[in-house]
Amino acid sequence: MIEQVLTGAVAGGTCIVFAGLGEIVAERSGVINLGTEGSMLCGALAAYAVGIQTGNPWIGVAAGMLAGLALSAVFAAMVLLRNANQIAMGLVVSFLGIGITALFGQDYVGKGVVPLETWDIPGLSKLPFLGPVLFQHDPLTYLSFLAVPALTWVIWRTRAGLVLRAAGEGPEVLEIYGTSATRVRWVAVLFGGAMAGIGGAQLSTASTLNWSEQMTVGRGYVAVALVIFAGWVPYKLMLGAYLFSGAIALNLYLQAQGSDISQYILQSLPYVLVLVVLALLSRRRIHGGPAALEKVFES
Amino acid sequence: MSRPIRALAMLLGLSLVVALAACGSAESASSGSGGDSKDDGEFTVGFIYVGPKDDFGYNQAAYEGSKAMESEVGDVKVLQAENVPETAESEQVMQDMIDQGADLIFATSYGHLEFAQNVAEKNPDVTFVHQGGLEGENKLDNVGTYFGTVYEPVYLAGIAAGKATKTNKLGYIYAFPIPQTLANINAFTLGAQSVNPDAETITIATGSWCDPSVQSQAVESLLDQDVDVITQHQDCTKTIIEATEAAGAMSVGYHADASELAPKGWITGSEWNWGPLYTDIVKTVMAGDFKDSPYNGDYRVGLQTGDNPFVQSKYGTMVDDETKAQIEEVKQSFIDGGSPFAGPVKDQSGKVVYKEGEQPTYDEVETMDFFVEGVTGKIG
Amino acid sequence: MTAVDAPPSETDDAPDPAPVVAEETGGEPTFAQRLPRVVARWAAIIVSTIVIFSAFLLAKGADPGPVLEAMWKTAMGTPDSIGETLIRATPILLAALAAAVPARAGLFNLGGEGQLLMGAIGAILVADQLDGGAPGFLTLVLMAVGAAALGAAWAALPALLKVVTRTNEAISSLLLNYIAAIIVTWLCFEPWKDPASLGQAYSREMTGPERFPVIWGERVHPGIFVAIGAAVVLWAVLKYTTWGFKLRVIGGNPSAARRAGLAVGGLSVAAMCVGGAMAGLGGMIEIAGTEGRLRPGLLAGVGFIGFLASWLAKHDPLKCILSAFILGAIAVGGSGLKISAGLSGGAVNILMALVLFAVLGWGSKPAAKES
């Protein structure tokens, strides 16, 4: 049971891991972007469409990344140039993404795409338990495994990470050293959009091999929720994403077992779990978040 | 004004980037039938769908039926609206179609019925036909329902699945426990058990008509239970069939022929062929004969009447001639008046629901609310 | 605060208490003087959104002319279509108020949809208890009270989590939407399933005193007046009462408010609850006015649209009436888009987004420049 649920958690959670890691970077710079949902959708459709046009899923993934980035550029322009409210603008940008993908996605519903194949890691994939859970996935999933420590290292061990955190914690200090917090935020938000785009691409071209309107069904919003849940720490975000999709996997597993629990309770499990853990962890997170971000939610 | 202009230019530029990235090379859309709303005397038929019209599923099948009808009837204007929710919003869409001259409206989703009835009451000159519902007490002269006996081909596919399975475990992924789905799951299971008494069906409810990520995980969960044949009742079907094929398991299709997605594991399936029925309904209404036709009521067709709009998909390579012959035999028995639910049928708890020699009416099947013995899963 | 290093969010992110202040300042230009600028600005907004939306349609290969014409006809073309827009604008307006009141106190209520659904559930709970035993008007009032109470309770959850554990209310209220939708699905399939439904999953239809009368055309009910009345009352409360003033103080500067001895926690919870009650009322109106019963998928997406309507109106309840009408018209126009052009109705989300870009992007002060 644990093996199946964890395998499902990784398989279903990867797209959220990508989107969430990107959002961590954006929020570390002091910007919260609910447009992640829209970026994921644009990434999913662009990867699917370009994958079909070119026959090469990797070009599709690149296109998905660019589409997610392009949508977040609209958000960044509104928030950083025009000083619009972040929460409201994030939702607006998600609406834009939903609308664009609904309009242009119509031609691609049900079309076949060249999938991003599963790569079994030689040797490791044969391990009991760990093999299926970790080493029988598509390449983007392995990329997400690498992205977590890489991002952790960048955030805490490099100059870029220092600048990023400074933009979120004390923009004044940054200005003294001649870097503009706004510029850092631009880069951070665009990176976040690109990562969400990759997450969407993973969803459409690796995990489901399908495009349908609003196929993310709110996973972009969940990613933003999980970033706060994770206290802006990459590995905790990964755990959160796996908790969410693990709850979905548990629901499906229990149903397949013929469990007596109501399907409605099982279906609400992912949201209830995230909410409960979020509430339990929030108290000690008062000082964990980027200071500039706290100003967004000041009360 | 320079500020707004700058903002405008910026918005335009950025949004075009997004648009271009998102669509790759945009294929040109169908230009549609134009916005001309005057009733020009041409007979106009409106179709509303709950989902997108090219989803490899229920809506695509209905859409293709409308196209077949259009080319068959010829002198007719067709209005289409997809993604029409099953809420009061659909009343507005139907009223819009009437304002654009619609004389006949096909409400193709289960939940559209009540709203079609409401609009029909206010528009006695317009005819409404609903796909899949039962009129109930609100019988109007300009409303009818129609449907096929969906569960008949599903039962036949169940026979093929029961023969094909090596583990004796079949998987069924569905959205919500509506009666139509429950009848399908039961028919599939009974069909399999008729040739393989050990066959059982494991069900998973996804809580959504189309959530591909959950679908692909549901396939994994079923495979983990040693299921080797998977079928479904979802609106978008592609993810499940491809995931099943990739795992080396077998597929039974639903809604549309998806055999090209599963060249190795395709057994058979059930698919819609609405064209002939739609054509006949349209011609009847055009001729002004609706009121006294069988369509003015709950019209049901099945193998017995010979023109079931729900037909068996083609067989995959694995199905042998013996099985095909056996299925033909059962099919003939349905044509002769038999039913997949001919008693004795027991529910999950072992209680007899239909006694020996008994078989349920159409209405009873379409309000079915239990799983038969051999189904794993909980309704509710 | 110096402009140089202000984070972009700082100046405008605490939802804007400005309108009231501006009206009281002496030196502002009169309305007549401002009018040409206002007209010019809105003309620019409308023209630019239409131009950009047309660009999207062209990119898709559709001819914008007939599409826009069909959308206009569907939403505004005839008295009936205006009626449809009013029907659609009603829950959007109440969802907008649900976002606007907390926004005054600096809170983000993204849970409008869940609160609308809870209101619908509350209304039916009360109606079932009364079972037609009370006169019409009283029935409707009691249903509204039940709906508002349940909507407020659902909104109190994120508010209490915020106060007690500092859980981000935007996120928790958003997650609660999904849970509310699953509860509605469960009710429709299980305990409340109409025995006469012939298999359809919905609750028993209410046809008696639980329903609003139709007052205009075929479907328009008095719900829009209830919603407008609620907006006017809220506007007055926020503008003229000390409670409204306190909310503005919290929204403006919570630390200062705390130093001044205001009970920030209690006021925050109260603001969310009032918002939730508004959304709950919206759910009741949808049941009593339009739907007559609970069904899965009810009011999907309306909460977010209402949230955006509140931002469009800068959280001014009176302006929310207009913004809800505009977004309602765009939503209704979506079906024109479906029918006449065969495009996906979801494409109207682009138009909504463009309107909000124009208003929020231009309306706010530009980012601080180095000076």
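Can you find, within segment B:220-242, the residue that is surrounded by the fewest Cβ atoms within 10 Å (Cβ to Cβ) among those that are more than 9 Å from chain A (Cβ to nearest Cβ) and more than 17 Å from the chain's Cα centre (by Cα)?
B:226
Looking for whichever is within 13 Å of chain B (Cβ to nearest Cβ) and touching a Gly at 6+ places or on another chain (Cβ under 6 Å) here; the options are A:168, A:200, A:220, A:231. Which one fits? I'd like the intermediate steps shown before the answer.
Working: A:168 fails: within 13 Å of chain B (Cβ to nearest Cβ); A:220 fails: touching a Gly at 6+ places or on another chain (Cβ under 6 Å); A:231 fails: within 13 Å of chain B (Cβ to nearest Cβ).
Only one candidate qualifies: A:200.
All but one of (1) in contact with a Ser or Thr (Cβ under 9 Å, 6 or more places away or on another chain); (2) small (Gly, Ala, Ser); (3) closer than 19 Å to residue A:43 by Cβ hold for residue A:168; state the number of the condition that does not hold.
Of (1) in contact with a Ser or Thr (Cβ under 9 Å, 6 or more places away or on another chain); (2) small (Gly, Ala, Ser); (3) closer than 19 Å to residue A:43 by Cβ, only one is false for residue A:168: (3).
Tell me, which residue of segment C:259-281 that is closer than 11 Å to residue C:247 by Cα, away from chain A (no Cβ under 12 Å) and assigned to a helix (DSSP H, G or I) is modelled with the highest pLDDT?
The residue in question is C:270.
Could you please give the count of residues in segment A:69-84 that are among the hydrophobic types (A, V, I, L, M, F, W, C), more than 8 Å from chain B (Cβ to nearest Cβ) and touching a residue at least 24 places away in the same chain (Cβ under 8 Å)? I'd like the intermediate steps shown before the answer.
Taking segment A:69-84 as the starting set, the residues that turn out to be among the hydrophobic types (A, V, I, L, M, F, W, C) are A:69-71, A:73-81, A:84.
Now drop any that are not more than 8 Å from chain B (Cβ to nearest Cβ), which leaves A:69, A:75-76, A:78-80, A:84.
Among the residues that remain, those that are also touching a residue at least 24 places away in the same chain (Cβ under 8 Å) are: A:69, A:75-76, A:79-80.
The number of residues fulfilling the criteria is 5.
Among the residues of segment C:207-262, what is the count of those that are small (Gly, Ala, Ser), buried (at least 16 other Cβ atoms within 10 Å of the Cβ) and within 18 Å of the chain's Cα centre (by Cα)? Give the derivation first.
Within segment C:207-262, the first condition is being small (Gly, Ala, Ser), and the residues that meet it are C:208, C:217, C:223, C:227, C:229-231, C:236, C:244, C:251-252, C:255-257, C:260-261.
Subset that is buried (at least 16 other Cβ atoms within 10 Å of the Cβ): C:217, C:223, C:227, C:230-231, C:244, C:251-252, C:257.
Now narrow it down to the ones that are within 18 Å of the chain's Cα centre (by Cα): C:223, C:227, C:230-231.
The qualifying residues number 4.
So, in segment A:42-68, how many residues would count as being among the aliphatic types (A, V, I, L, M) and facing another protein chain (nearest Cβ under 9 Å)? Steps first, please.
First, the residues of segment A:42-68 that are among the aliphatic types (A, V, I, L, M): A:44-47, A:49-50, A:52, A:59, A:61-63, A:65-67.
The next check asks that each one be facing another protein chain (nearest Cβ under 9 Å); those that pass are A:45-46, A:49-50, A:52, A:63, A:66-67.
The total comes to 8.
Any chance you could count how many residues in segment B:298-329 are surrounded by fewer than 19 Cβ atoms within 10 Å (Cβ to Cβ), more than 18 Å from the chain's Cα centre (by Cα) and not in a loop (DSSP other than H, G, I, E, B)?
Count: 7.
Please state which one of B:87, B:108, B:127 is among the hydroxyl-bearing types (Ser, Thr, Tyr) and within 20 Å of residue B:237 (Cβ to Cβ).
When all the criteria are applied, what remains is B:108.
Being β-branched (Val, Ile, Thr), at the interface with another protein chain (Cβ under 7 Å from one of its Cβ atoms) and under 25 Å from residue A:240 (Cα atoms) is true for just one of A:87, A:2, A:32. Which residue is that? It would help to see each step written out before you state the result.
Details: A:2 fails: at the interface with another protein chain (Cβ under 7 Å from one of its Cβ atoms); A:32 fails: at the interface with another protein chain (Cβ under 7 Å from one of its Cβ atoms).
After applying the criteria, what remains is A:87.
Please find, among A:94, A:144, the residue that is at pLDDT 95 or above, part of a helix (DSSP H, G or I) and touching a Phe, Trp or Tyr at 6+ places or on another chain (Cβ under 7 Å). Can you show your working first?
On the way: A:94 fails: touching a Phe, Trp or Tyr at 6+ places or on another chain (Cβ under 7 Å).
Exactly one of A:94, A:144 is at pLDDT 95 or above, part of a helix (DSSP H, G or I) and touching a Phe, Trp or Tyr at 6+ places or on another chain (Cβ under 7 Å), namely A:144.
Restricting to segment B:167-202, count the residues that are hydroxyl-bearing (Ser, Thr, Tyr) and facing chain A (nearest Cβ under 7 Å). Break it down into steps so the answer makes sense when it comes.
First, pick out the residues of segment B:167-202 that are hydroxyl-bearing (Ser, Thr, Tyr): B:167, B:172, B:174, B:181, B:189, B:194, B:201.
Add one more test, that the residue is facing chain A (nearest Cβ under 7 Å), and what stays is none.
Of the residues in segment B:167-202, 0 are hydroxyl-bearing (Ser, Thr, Tyr) and facing chain A (nearest Cβ under 7 Å).
Within segment C:298-320, track down each residue that is more than 13 Å from chain A (Cβ to nearest Cβ) and either surrounded by fewer than 24 Cβ atoms within 10 Å (Cβ to Cβ) or acidic (Asp, Glu) (or both).
Across segment C:298-320, the qualifying residues are C:316, C:318, C:319.
Criterion first (of a type in the set (D, E, K, R), farther than 25 Å from residue A:229 by Cα and within 14 Å of chain A (Cβ to nearest Cβ)) does residue C:190 satisfy it?
Working: of a type in the set (D, E, K, R): yes; farther than 25 Å from residue A:229 by Cα: yes; within 14 Å of chain A (Cβ to nearest Cβ): yes.
Yes: the conditions hold for residue C:190.
Could you run through segment B:116-136 and say how many residues are more than 10 Å from chain C (Cβ to nearest Cβ) and assigned to a helix (DSSP H, G or I)? It would help to see each step written out before you state the result.
From segment B:116-136, those more than 10 Å from chain C (Cβ to nearest Cβ) are B:116-117, B:120, B:124-131; that's our starting set.
Those left that are additionally assigned to a helix (DSSP H, G or I): B:116-117, B:120.
The number of residues fulfilling the criteria is 3.
Evaluate the following for residue B:295: is it under 23 Å from the mean Cα position of the chain (by Cα), part of a helix (DSSP H, G or I), of a type in the set (Ser, Thr, Tyr) and surrounded by 17 or more Cβ atoms within 10 Å (Cβ to Cβ)? Let's see the steps before the verdict.
On the way: under 23 Å from the mean Cα position of the chain (by Cα): yes; part of a helix (DSSP H, G or I): no; of a type in the set (Ser, Thr, Tyr): yes; surrounded by 17 or more Cβ atoms within 10 Å (Cβ to Cβ): yes.
Answer is no for this residue.
I need the full set of residues from segment C:161-170 which are in contact (Cβ under 8 Å) with a residue 40 or more places away in the chain and within 22 Å of the chain's Cα centre (by Cα), in order please. Let's see the steps before the verdict.
Restricting attention to segment C:161-170, the residues satisfying the condition of being in contact (Cβ under 8 Å) with a residue 40 or more places away in the chain are C:162-163, C:169-170.
Across segment C:161-170, the qualifying residues are C:162, C:169, C:170.
Mind checking which residues of segment B:339-380 are in a helix (DSSP H, G or I) and over 14 Å from residue B:181 (Cα atoms)? Can you show your working first?
Step one: filter segment B:339-380 for residues in a helix (DSSP H, G or I), giving B:362-365.
Those that are in a helix (DSSP H, G or I) and over 14 Å from residue B:181 (Cα atoms): B:362, B:363.
Residue under question is residue C:106, and the condition is that it be outside any helix (DSSP H, G or I) and not charged (D, E, K, R); does it hold? Give the derivation first.
Details: outside any helix (DSSP H, G or I): yes; not charged (D, E, K, R): yes.
So residue C:106 passes the test.
Can residue C:70 be described as under 25 Å from the mean Cα position of the chain (by Cα) and surrounded by 21 or more Cβ atoms within 10 Å (Cβ to Cβ)? Break it down into steps so the answer makes sense when it comes.
Working: under 25 Å from the mean Cα position of the chain (by Cα): no; surrounded by 21 or more Cβ atoms within 10 Å (Cβ to Cβ): yes.
So residue C:70 does not fit the description; no.
Quick check on my filter: what residues within segment C:28-58 are without any contact (Cβ under 8 Å) to a residue 24 or more places away in the chain and surrounded by 20 or more Cβ atoms within 10 Å (Cβ to Cβ)?
Result: no residue meets the conditions.
Residue B:46 versus (1) under 19 Å from the mean Cα position of the chain (by Cα); (2) of a type in the set (Gly, Ala, Ser); (3) part of a helix (DSSP H, G or I); (4) at pLDDT 90 or above: which is the lone unmet condition?
(3)
Determine, yes or no, whether residue C:323 is within 11 Å of chain A (Cβ to nearest Cβ), within 15 Å of the chain's Cα centre (by Cα), part of a helix (DSSP H, G or I) and crowded, with 24+ Cβ neighbours inside 10 Å.
Working: within 11 Å of chain A (Cβ to nearest Cβ): no; within 15 Å of the chain's Cα centre (by Cα): yes; part of a helix (DSSP H, G or I): yes; crowded, with 24+ Cβ neighbours inside 10 Å: yes.
No; evaluated as a whole, the condition is false for this residue.
Quickly run through segment C:128-163 and pick out the residues that are of a type in the set (A, V, I, L, M, F, W, C) and either within 14 Å of chain A (Cβ to nearest Cβ) or not in a helix (DSSP H, G or I) (or both).
Step one: list which residues in segment C:128-163 are of a type in the set (A, V, I, L, M, F, W, C), which gives C:130, C:134, C:137-138, C:140-145, C:147-150, C:152-157, C:159-161, C:163.
The answer is C:134, C:154, C:156, C:157, C:159, C:160, C:161, C:163.
Considering only segment B:71-83, state which residues are free of Cβ contacts under 8 Å to residues at least 40 places away in the same chain, part of a loop (DSSP other than H, G, I, E, B) and more than 7 Å from chain C (Cβ to nearest Cβ).
Listed by number, the residues that qualify are B:74, B:75.
Are there any helices (runs of 4 or more DSSP H) wholly within segment A:185-299 with 3 or more residues that are acidic (Asp, Glu), buried (at least 23 other Cβ atoms within 10 Å of the Cβ) and in contact (Cβ under 8 Å) with a residue 40 or more places away in the chain, and if so which? Spell out how you get there, then give the answer.
Details: elements: A:219-229, A:234-256, A:263-282, A:291-296.
Answer list for segment A:185-299: none.
State yes or no: is residue B:359 more than 14 Å from every other protein chain (Cβ to nearest Cβ) and either in contact with a Phe, Trp or Tyr (Cβ under 8 Å, 6 or more places away or on another chain) or polar (S, T, N, Q) (or both)?
yes
Hey, does segment B:335-348 have a residue that's within 14 Å of chain A (Cβ to nearest Cβ), touching a strand residue (DSSP E or B) at 6+ places or on another chain (Cβ under 8 Å), at negative phi and touching a residue at least 60 places away in the same chain (Cβ under 8 Å)? Reasoning before the result, please.
Residues of segment B:335-348 that are within 14 Å of chain A (Cβ to nearest Cβ), as a first pass: B:348.
Pick out the ones that are also touching a strand residue (DSSP E or B) at 6+ places or on another chain (Cβ under 8 Å) and you get B:348.
Next cut, at negative phi only: B:348.
This time we only want the ones that are touching a residue at least 60 places away in the same chain (Cβ under 8 Å), so: none.
Checked segment B:335-348: no residue is within 14 Å of chain A (Cβ to nearest Cβ), touching a strand residue (DSSP E or B) at 6+ places or on another chain (Cβ under 8 Å), at negative phi and touching a residue at least 60 places away in the same chain (Cβ under 8 Å).
Go through (1) under 27 Å from residue A:105 (Cβ atoms); (2) touching an Asp or Glu at 6+ places or on another chain (Cβ under 9 Å); (3) more than 7 Å from chain B (Cβ to nearest Cβ); (4) polar (S, T, N, Q) one by one and return the number of the condition residue C:74 breaks.
Every condition holds for residue C:74 apart from (3).
The values are calculated or read from the model by the stated rules, or taken from the named source; none is laboratory data. In this text the structure is predicted, and so the values were computed from the model without any measurement. Glycine also receives a Cβ, built like all others from the backbone with ideal geometry; neighbour counts cover every protein chain displayed.
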